[in-house]
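Colleague: Let me begin by handing over the structure; questions about it come next.
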Amino acid sequence: MSDTLRDQLMGLGFKPAPKPERKNDAPRRDGRPQGKGGAGNGKPQHAGKGEHKPGERRAHGNGGPGKPAQQRGQGHGQGARKPRTAEEMDLAKAYAIRAQREKEERIETERLKQEEARQRREAKVKLEELLKDKSLNAEAADIARHFPYGGKIKRIYVTAEQLKALNAGELGVVQLNGRYLLVTAEVLAQSEAVFAASVALKVDPNAPAEEDPYADPQYQVPDDLVW
């Protein structure tokens, strides 16, 4: 454009166009690049999320930097248990010894009970064999002879002759399977040797009469009386 045309435009109020700014992309003397976003602008760059500053110790887990791992783990579980005292240990030991002793006593009690039951079964079998065909119970017996046995008053029917022999100790009564058998004094002694608990009535002829109030027929209990 000629100077005359420029002068005319400027005279009309037009201003000349601004000259474009030149970018200096040439490197500086220290080798750092030019520009506002470059690292050479003199401003320090801030570390972003997840980045670490030089010299900063990275923390592991949920704890902060420099926090010991043992302290960080205390929030997730209980601390170390307090050791038991000597008194507590002695008390626990005493409880254990007593529990063991009680257990042994229960076992021994049960063993003795089973052994006693076994002996009773064997004794009853022998007694049954001994008393076979040795009972003197008579069908015609009409006299009730009462006697205490097992905490209750029991009775057996005998004849007049058998009553005299029974009170004199020449006869006796043995219990077998819920029945009361009248036997001789000899069989009574054998039965007592086999199973003492089976002896229901054994009269001592030398004992005072008042020790056996049921020996005299005058104390006979009526048959219609329920004991």
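The values are calculated or read from the model by the stated rules, or taken from the named source; none is laboratory data. Keep in mind the model is a prediction, meaning the values are calculated, not measured. All accessible areas refer to the heavy atoms of the entire protein, side chains included, with ligands and DNA or RNA removed. Shrake-Rupley method; radii C 1.70, N 1.55, O 1.52, S 1.80 Å.
Colleague: How would 179, 98 line up by accessible area, probe 1.4 Å, largest first?
Modeller: These residues rank, largest area first, as 179, 98.
Colleague: Return a single number: how many Lys pairs in the stretch 105-194, at a sequence separation of 8 or more or on separate chains, have alpha-carbon atoms below 23 angstrom apart.
Modeller: 11
Colleague: Here is a follow-up. Below 8 Å, C-alpha to C-alpha, sequence gap of six or more: please give me the relative contact order for the stretch 89-178 in percent.
Modeller: 18 percent
Colleague: Would you kindly find the accessible area of residue 133, with a 1.4 Å probe and non-protein molecules such as ligands, DNA and RNA excluded, rounding to the nearest 10 Å²?
Modeller: We get 150 Å² for residue 133.
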